[in-house]
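Taking it in order: structure first as structure tokens, then the write-up.
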Amino acid sequence: MHTSAPNYRPGWTSYLSHFTHYPVIIALDMGLATVAPVAGFDQYLTISIPMLEPLVNGFPNEKELGLFWEMERFIVKQMEGTVDAIYAGRTTTQGKKHLIFFLYDPSKVAAIMAKVSQKYNTYAIQSRLERDPEWDIYFDLLYPNLAETNSLLNRRMVNRLLRQGDDLTQVRWVDHWIYFKTAEGRAAFMKTVEGQGFEVEPLATKSGEHHYPYLVRTRKQHSVDLKTVNTITATIRTWATTYGGDYDGWETAVSHPKK
């Protein structure tokens, strides 16, 4: 089942993170963040699948990877076709894959798990059902933190430029947009970034219910390879947060390779 909330737009993405000292690949539907918690879906089911021959980093080998994709598609089809289930995301770490669903009515879960275990009987598949009306498992485990979100958004923008034939190493003007709660916060931010070589321009404020009505555009010449933009945008986000602002992203013109 896909939630029918009017503001919901599916937005699946994945990223690499760490649990304690272990690497973990997390995939999630980020679109759910705009509607969560969904009323009535106050329990979540974790389906855990141990790998038979994990790599030393805890991820599946190439042979098992294909089978895991097949298993996931089968499980999602069973869950969404049989019960009211919202597939929120999955984690892969320490030799296990965990699929996380939010449920409205878990009464048919046991039958589904029996069917899954019978089909994939070489795997010791386990499941665990827990109450979570606030969707803490989604926001605290699956959803990326500020630094991870910064990297995800930058990667999306960089990939868009690459598809247009951009030479990411070329230095060009890059505009960054930040909204602030107060005019004083915006003024303090502008003073800080000007001292770091950025050009700044305060723009018309937003009226009405906008919680960050004071907009500023700051710009600087730099390349847009992922390492560079991750560093620069992380710094701007930190400055923005310091002065009560919200970083809204960056944009630039496509720069093709020089002939």
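Seen against the Cα atoms of the chain and their longest principal axis, helix 226-242 is set at about 80 degrees.
Here are a few candidate values for Cα extents along the principal axes in Å: (1) 63, 36, 34; (2) 63, 49, 33; (3) 55, 40, 34. Which one was actually calculated from the structure I just gave you? Answer label, from the structure shown: (2). Starting from the Cα gyration tensor of the range 140-196, take the square roots of the eigenvalues, sort them a ≥ b ≥ c, and report rounded, prolate or oblate (rounded when a/c is under 1.5, otherwise prolate if a/b is larger than b/c, else oblate). Cα axes put the range 140-196 in the oblate bin. Here the Karplus relation 6.51 cos²θ - 1.76 cosθ + 1.60, evaluated at θ = phi - 60°, turns the backbone of the range 180-187 into coupling constants of 10, 6, 10, 5, 5, x, 4, 5 Hz, with x for every Gly and Pro.
Size descriptors for the range 1-128 (Cα atoms only): Rg and Dmax, in that order, 14.9, 44 Å.
Taking every C-alpha pair closer than 8 Å and separated by at least 6 residues, the mean separation divided by the residue count of the range 165-252 gives a relative contact order of 46 percent. Which shape class, rounded, prolate or oblate, goes with the range 82-138 when its Cα gyration tensor gives a ≥ b ≥ c as root eigenvalues, a/c under 1.5 marks rounded, and past that a/b bigger than b/c marks prolate? Note, shape of the range 82-138 comes out oblate. Close amide H pairs (under 5 Å, H built 1.01 Å from N) link Ala88 with Ile100, Phe101, Phe102, residues at least 5 positions away or on another chain.
Taking Thr122, Thr93, Thr82 as the candidate residues, the one with maximal mean-square fluctuation in a Gaussian network model of the chain, Cα springs under 10 Å, is Thr122.
For the residue pairs Lys181/Lys220; Lys191/Lys227; Lys191/Lys258, alpha carbon separations beyond 28 Å are given by Lys191/Lys258.
For the options Leu226, Leu45, Leu162, a Gaussian network treatment of the chain with springs between C-alpha atoms closer than 10 Å singles out Leu162 as fluctuating the most.
Shown in residue order for the range 168-178 are the 3J(HN,Hα) couplings computed by the Karplus curve 6.51 cos²θ - 1.76 cosθ + 1.60 at θ = phi - 60°: 4, 7, 6, 6, 8, 5, 10, 9, 10, 10, 9 Hz (x for Gly and Pro). Residues in the range 150-158 carry Karplus couplings, in order, of 4, 5, 4, 5, 5, 4, 4, 5, 5 Hz; the curve used is 6.51 cos²θ - 1.76 cosθ + 1.60 with θ = phi - 60°, and Gly or Pro positions show x. When you restrict to C-alpha pairs under 8 Å that are six or more residues apart and normalise by the size of the chain, the relative contact order lands at 18 percent. Arranged from fewest to most other beta-carbon atoms within 10 Å of their beta carbon, Leu152, Leu28 become Leu152, Leu28. Among Ser14, Ser127, Ser151, determine the one that fluctuates most according to a GNM of the chain built with springs between C-alpha atoms less than 10 Å apart. Largest GNM mean-square fluctuation: Ser127. When the inverse distances between all different Cα atoms of the range 165-252 are averaged and flipped, the Kirkwood radius reads 13.2 angstrom.
How high is the relative contact order of the range 31-125, in percent, with contacts defined as C-alpha pairs under 8 Å that are six or more residues apart? In percent, rounded to a whole number, it is 38.
Rule-based calculations on the coordinates, nothing more; no lab input. Computed from a predicted structure; not experimentally measured. Note that each Cβ is placed from the backbone with ideal geometry, even for glycine, and that neighbours are counted across all protein chains shown.
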